Amino acid sequence: MRHLIALCCCLFGLLSFSVYAAESSPQDSLLTELVGAKLKNMTPILEKLANTQGEAILPLFRILLGGDLYYIKADKSLVGQFDEQGNTVYKDVFSQVVVPNLSKKDVKKIRVNNTLRGYLRNAIAQIQLTAKSPELRQSAVRELLSKLDKDTINLIEALYPNEANKKVKEAMGLALSMYAATSIDLVPSNRLVAIERLSTSLEGDVRNTLTKLMKDENPAIVKAASEALENIAQRANRFAFIDQLFFGLSLGSVLLLASIGLAITFGVMGVINMAHGEMIMLGAYTTYVVQLIMPNYIDYSIWVAIPAAFLVSGLMGVLIERLVIRHLHGRPLETLLATFGISLILQQLVRTIFSPLNRQVSTPSWMSGSWEINPVLSLTLNRLYILAFALLVFIALVIILKKTSLGLNVRAVSQNRSMAKAMGVKTNWVDAMTFGLGSGIAGIAGVALSQLTNVGPNLGQAYIIDSFMVVVFGGVGNLLGTLVAAFSLGIATKFLEPTTGAVLAAIIVLVFIILFIQKRPKGLFPQKGRAAE
Amino acid sequence: MKIKMLTSAILLSGATLMTLPSWAADTIKVGVLHSLSGTMAISETTLKDTVLMMVEEQNKKGGLLGKQLEAIVVDPASNWPLFAEKGRELLTQEKVDVIFGSWTSVSRKSVLPVLEELNGLMFYPVQYEGEESSKNVFYTGAAPNQQAIPAVDYLMNDLDVERFVLAGTDYVYPRTTNKILEAYLKAKGVAAKDIMINYTPFGHSDWQSIVSDIKKFGGEGKKTAVVSTINGDANIPFYKELGNQGISSEDIPVVAFSVGEEELSGLDTKPLVGHLAAWNYFQSVESDANDEFIAKWKAFTKDSNRVTNDPMEATYIGFKMWANAVTDAGTTDVDAVEQAMIGQETPNLTGGIAVMNKNHHLSKPVLIGEIQDDGQFEVVWETDGVVAGDAWSDFLPGSKDLISDWTAPIKCGNYNTKTKTCSGQVY
Amino acid sequence: MTRLTEWFSAGRSSGKHTLPFVVILLTMTLLASAANLFLPADSALYVSTYTITLLGKYLCYAMLALAVDIIWGYCGILSLGHGAFFALGGYAMGMYLMRQIGDRGVYGNPLLPDFMVFLDWKELPWFWLGMDHFWFAMLMAVVVPGILAFVFGWLAFRSRVTGVYLSIMTQALTYALLLAFFRNEMGFGGNNGLTDFKEILGFDLQADSTRVSLFMITALLLAVLFVVSQRILSSRFGKVVLAIRDAESRSRFIGYRTDRYKVWLFVYSAVIAGIAGALYVPQVGIINPGEFSPINSIEMVIWVAVGGRGTLIGAIIGAILVNYAKTRFTAIMPDAWLFALGAMFVLVTLYLPKGLMGLYAQMMAKRRPAKTQESEA
């Protein structure tokens, strides 16, 4: 987005340069006024600028909207602040010429607030109705839907016949229909046609227009509006269901990621690993450190962070196994105590090294924003990626356990330790590798979670109980069970939440798990055979 | 068996004798009761450092009453009963003259009976729900009328907001603040259907449904704003979700009462530009006192990226006032200092003068700032003068007749102006 | 006297420590109490009120550790949810103490506690009724944890939920209660919990004499529960319990209804935890949902592990020691005490699998052969 704005600025800057040079006097005085103005008095100045300058003012508006407009303290001339390869540079707003030798001390920011931003967005949209790119035109029309006045409609009406892009034309048609539907001086039949047209749209502004029409004096209009609203509501509900399902799947994927490492350390090895949450935390902190090392390549940082987190948490896991857990074989409840101690140490370690404050992990640009399918249904990209990522990790893990010799050894040792040993499996080595694998995967989960939540010393604590619930509910030692459990708990929570609220939903799910375990003490997919005892 | 007896005896006697009263050296002791571990460490560690910095600075100036100050730090570990225990330890074992401490309301409520029993003195530096005024506590953070109500006024008057989402974490501060706001909004003519109230548990991390509900609620034609009393850790996932679902500050501004510079430092603020917070202090406010404070803080923490925030200013004001009150009273005796505190004036870091009122709350300016992309706030609105902190809200049926006045002849934290009685306090 | 000793030490070998332990416990309690009440504050032997409340708290934790050890050490049921029973007992006491405030709250409302007044509750919820009577509240302090333990145990043990599964389920139980008590709609004061207590049975809670009395009552009850538990565990019932711990299937095949034994032991343990909670609240002055936190329940288990599971004395000593260490650590090294605590847990599990009592037994065993050899020679 930022690049786009910069690009546009360049384009318009070139266009407007001549204009600026030609008639500089009235604009100059207005611009000086801008420098001294209080926030409340800025809108009229901007209006004047928009009226007198038209398209030429666009770069100024854009820079101001981005909060990058400064003025030089010495001569009160306006400059924009730009970021070029990590350096801050100041350029003339209109000519885009770099003003040399300016430091942060020489300039002062021109403040904007929400009111101004709202005005600027609208003003830019008005001007942009004639922009070159169809996407810009479309978003401009949509932006204007909420504030349709006579001038805007006249403008749109004038542009409508010549619009070549189908989507833009459709949006413009919608705007015209919205205006027509509310115009009392129009013939009712025309208004009814407009309402009919509106009933096919899911735009929020359309719904609001129709809701207003419910108070119309003409009963036919009211009837048509209510029918249209019902139509829209029906379609919207269907999408709302999909939305909710997505929320559930997304929560499920988070649960899956959080618990899948535990499914190995606890499920396969039988270690009640209370330090599992801290392995996730280490992964998240690794992401932070990776971003710290490569601040200019945030977009790629995740790809570095995933293997790095796997290594950091995995090595920590191996270390813990070698130093502590291997001494506690066959005493699962004791592992709980020791790993709890380890989790306290790790938390305090992180607190000492990184301070107790949360650390900032940036979201790569390709993961931010959402995929807008239609006005009522949009899926956030980060959650979409994390859902896919969780499934990928799961599949990779299944392949490791089923298709590699390490996996074979792991299964052999977990099913019958002494027999495996007798067959020449290095059980010590397999134990260390298994614990390392589980911890490493927890680390990977940390990378994903760092995109959703706080990166702080308490990160692990937030997920440890949920993780145990998922593994136990799914059936200890069964990876597929973990998958099914994570998604069913996620979806159940999200479908309960709208009616019960978040707290009660969590309680209900917990009570359900408790009761379910009474019915099926070994979870959804109990392990069968001798290994189960 | 003898060994058994011996070990048991040593054990119990050791426990009995473990805390012999320490010999009082000739220093003035300043107790610091902030959690350094557990969930609240994230916020409270900063305040511990602030107090240590202030003590160091005061000592450079020659201490107080000719004595050096000595900071006594304990860790109540975010464990509420431990606040009472550690408070007692500070007062009876360490014999501190003043305590700076607590963040959450529950920790204050936990230590309060101990302070009143042992006649200690505590400075509480965090914005809170009000409905309290103890003789032994000075509240230097904001009361609801110094934060919530001006913020809502701003939303209604300057941003023409007509619908409100009151979203909070389910504990006493949000509950009370939202009760007050609900009553206030209704008094201002906002219909019940234009107010949506939502509570979430501590550390809530999955905000998808709630943010999507807010989006729907805001998309129904009227200008909508979110008033957020969401606490601590839950904020970051909340704001991330807002950013990802494309809710911009122009569409639905969020004004928060618990989000300051420090919370934002754990967050990429680019998607949040324009969302609001109401405080009595912002780091970005330009004044000589503030510049000096920030420079000192960065030097003290040896970290040029450390930020300052509102509870730090509250600690700063509290400490300055206490030092002045001790000087005025000529003693650290709690009763004398308590009386000397009332009417104390200290310059705010943001300009203007903070005054300690009879109800142990401060008069301070209220600022509203918009989040910037560098994690700082830009002040977009401020009150004309200072606002006096109101211990008892006028918008709650239970407390509208109550006032607090710690000067003679009333000398009561919850004086009922109708029945002319003071309930439940024996001093 | 000998009969008394016999009664105390009936059955089990560790029973021989029972009487001395009880005597030491009560003597120390009396001494500490007397030192607080009768010595002047500047005396070198004076025990401050701070220390008394601290000791009182330790003894409550010791009682709780006793409860955990009874089911974990003697029956192999690792409960990660005993904090729930403790907190429920505490809430019952807290509700009684809240009602005792009467019209002395800040709002002067004679019926409603302060937190209900400012959240605009109109009347007392039904579960608060009767809580103004001490006997009723105390009944609730044992009955509510008892019933919860019975229902949970009956469901779980009958369907043979064992081992790790049971541990995780108890954790889920206390976590669910934690979330529930956090909700302000529940009417238990939400996160702030219940606090600002004034008096108990008419005695001022802030008076030294009340604190000392509470401390003494705690010590006395701990001694009684300790002896009673020792008796129960060395009875026939206790032998079956031990058999279940060592070989549950075998005991079942012999014909014991193992689930019934487990349920009743679980209920007994929960009741002790409830009593501990009820004694804890007036001494620390606050009860809030934090007590339900699963971390707390894990810590209890660790006290027992440090002291030595399977010996009741071990549980008590473990609880006192670990909490003493915590108090000291948080004061001496506030920034790093979690390192020390964490390391202690790891080292104890690694090198002292039977806890301090195991270490003691080992030391005794080393000395004994030497002795017997001597006497034989």
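Where a number appears in this text, it was derived from the coordinates with a stated rule and is not lab data. The model shown is predicted, which means the values in this text are computed figures rather than measured ones. FYI the Cβ positions are ideal-geometry reconstructions off the backbone, even for glycines, and counts take in every protein chain you see.
Averaging the Cα positions of each part gives two centres, and for region B:164-214 and region A:367-403 these lie 31 Å apart.
Separation between the B:Thr327 and B:Ile197 pseudo-spin-labels, each 7 Å from Cα along Cα→Cβ, expressed in nm? Rounded to a tenth, the inter-label distance reads 4.7 nm. For region B:267-325, GluC sites (Glu not before Pro) meeting the loop criterion (DSSP other than H, G, I, E, B) and having at most 14 other Cβ atoms within 10 Å: B:Glu286.
Restricting the trypsin sites (Lys or Arg not before Pro) of region A:35-104 to loop positions (DSSP other than H, G, I, E, B) with no more than 15 neighbouring Cβ atoms within 10 Å leaves A:Lys38, A:Lys73, A:Lys76, A:Lys104. In this simple spin-label model, placing a label point 7 Å from the Cα along the Cα-to-Cβ direction at both A:Lys519 and B:Ala336 gives a separation of 7.3 nm. In order along region C:296-304, the Karplus-derived 3J(HN,Hα) couplings, from 6.51 cos²θ - 1.76 cosθ + 1.60 at θ = phi - 60°, round to 4, 5, 5, 4, 4, 4, 5, 3, 5 Hz, and Gly and Pro are given as x.
Cross-link pairs exceeding 32 Å between alpha carbons, from the set B:Lys86/B:Lys418; A:Lys150/B:Lys215; A:Lys48/A:Lys104; C:Lys57/C:Lys122; B:Lys364/B:Lys420: B:Lys86/B:Lys418; C:Lys57/C:Lys122. Per-residue extension of 0.36 nm, minus the Cα-Cα distance of A:Lys426 and A:Asn162, leaves a gain of 87.4 nm for this segment.
Look at where the Cα atoms of region A:414-458 and of region A:183-242 average out, and the two centres are 57 Å apart.
Entry note: region A:239-532 has Rg to Rh equal to 0.97, where both radii use alpha-carbon atoms and Rh is the Kirkwood radius.
In chain C, taking the dipole from charged Cβ atoms about the Cα centre, the farthest positive-side position among C:Ala156, C:Pro289, C:Ala223 is held by C:Ala156.
The modelled label-to-label distance for the pair C:Ala343/C:Ile217, using points 7 Å beyond Cα in the direction of Cβ, is 4.2 nm. Working ranking of peptides A:455-467, C:228-240 by packing, defined as the average number of other Cβ atoms within 10 Å per residue, highest first, is A:455-467, C:228-240.
Per-residue shielding of C:31-39, expressed as the average number of other chain Cβ atoms within 10 Å of the residue Cβ, stands at 1.
Annotation: amide H of B:Ala77 within the under-5 Å range of B:Leu36, B:Ser37, sequence separation 5 or more or interchain, hydrogens built in the peptide plane. Checking the Cα-Cα distances for B:Lys48/C:Lys326; B:Lys29/B:Lys411; B:Lys411/C:Lys198; A:Lys105/B:Lys240; A:Lys494/B:Lys400 against a 29 Å cut-off, the pairs over it are A:Lys105/B:Lys240; A:Lys494/B:Lys400. Shielding by partners for peptide C:154-165, expressed as the average number of C-beta atoms from other protein chains within 10 Å of each residue's C-beta, is 4.
Its residues counted as N, chain B yields a C-alpha radius of gyration over 2.2 N^0.38 Å of 1.02. If R0 equals 51 Å, the separation of the Cβ atoms of B:Asp384 and A:Leu311 corresponds to a calculated FRET efficiency of about 0.30.
Inter-chain neighbour count for A:352-363: the average number of beta-carbon atoms from partner chains within 10 Å of each residue's beta-carbon is 6.
Couplings for region A:235-244, taken from phi via the Karplus curve 6.51 cos²θ - 1.76 cosθ + 1.60 with θ = phi - 60°, read 5, 4, 4, 4, 5, 4, 5, 4, 4, 5 Hz in order; Gly and Pro are left as x.
For C:Lys239, the lysines whose Cα falls under 30 Å of its own Cα, not counting residues fewer than eight places away in the same chain, are A:Lys519, A:Lys522, B:Lys2, B:Lys4, C:Lys16, C:Lys262, C:Lys354, C:Lys366.
Per DSSP H run of n ≥ 4, the term is -39500 (n - 2.57); total these for chain B, divide by its residue number, and report the mean residue ellipticity at 222 nm rounded to 500 deg cm²/dmol. The per-residue figure over chain B is -11500 deg cm²/dmol. Packing here is the average count of other Cβ atoms within 10 Å per residue, and on that basis the peptides B:121-134, A:398-411, B:250-263, highest first, run B:121-134, B:250-263, A:398-411.
Packing order of peptides C:310-316, B:153-159, B:63-69, B:40-46, highest average first: C:310-316, B:40-46, B:153-159, B:63-69 (average count of other Cβ atoms within 10 Å over each peptide's residues).
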